[in-house]
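Note sheet for the following structure.
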Amino acid sequence: MQIEIRVIPGASKNMIKEDDGIMRIYLTTAPVDGKANQALVKFLAKHYNVSKSSIGIIKGEKSRNKIIKIDIS
């Protein structure tokens, strides 16, 4: 499964909102040294109840707009 998301780092709490068909993921982690991407993978793994290794960032490693691949087995 692939999803298109927009990450908002530095939020007051971790949460997911969907506005106009765009999934926005708010993370408390700052976008420094890839820590926000690590927090994103951990958050999505918990949300979809899969392992962290089942989630990969296909596009947007250094962007707020990302395409994520989730292997649900």
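Every number in this text was worked out from the coordinates using simple rules, so none of it is lab data. Just so it is clear, the model here is predicted, and its values are computed rather than measured. Backbone-built Cβ (ideal geometry, glycine too); neighbour counts: all protein chains shown.
Summing Lys, Arg as +1 and Asp, Glu as -1, what charge do residues with Cβ under 13 Å from the Cβ of VAL50 carry, VAL50 excluded?
With Lys, Arg at +1 and Asp, Glu at -1, the neighbours total +3.
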Exercise for the section: Name the lysines eligible as straight-distance cross-link partners of LYS35: C-alpha to C-alpha under 17 Å, and not fewer than 8 places from it in the same chain. Expected result: LYS13, LYS46, LYS52, LYS59, LYS62, LYS66
Practice task
Apply the Karplus parameterisation 6.51 cos²θ - 1.76 cosθ + 1.60, with θ equal to phi minus 60°, to every residue of segment 46-57 and state each ³J(HN,Hα) to the nearest whole Hz, in sequence, with x for glycine and proline.
Solution key: 5, 5, 8, 6, 10, 6, 5, 6, 7, 10, x, 8
Problem - Charge sum, other residues only, whose C-beta stays under 14 Å from ILE8's C-beta, Lys/Arg counted +1 and Asp/Glu -1 - result: +4
Practice task
Select one label from (1) 41, 22, 9; (2) 46, 18, 11; (3) 17, 14, 12: the one whose number is semi-axes √(5λ) of the Cα gyration tensor in Å as derived from the coordinates shown.
Solution key: (3)
Fill in the blank from the handout: Relative contact order in percent for the chain (Cα pairs under 8 Å, 6+ apart) equals 33
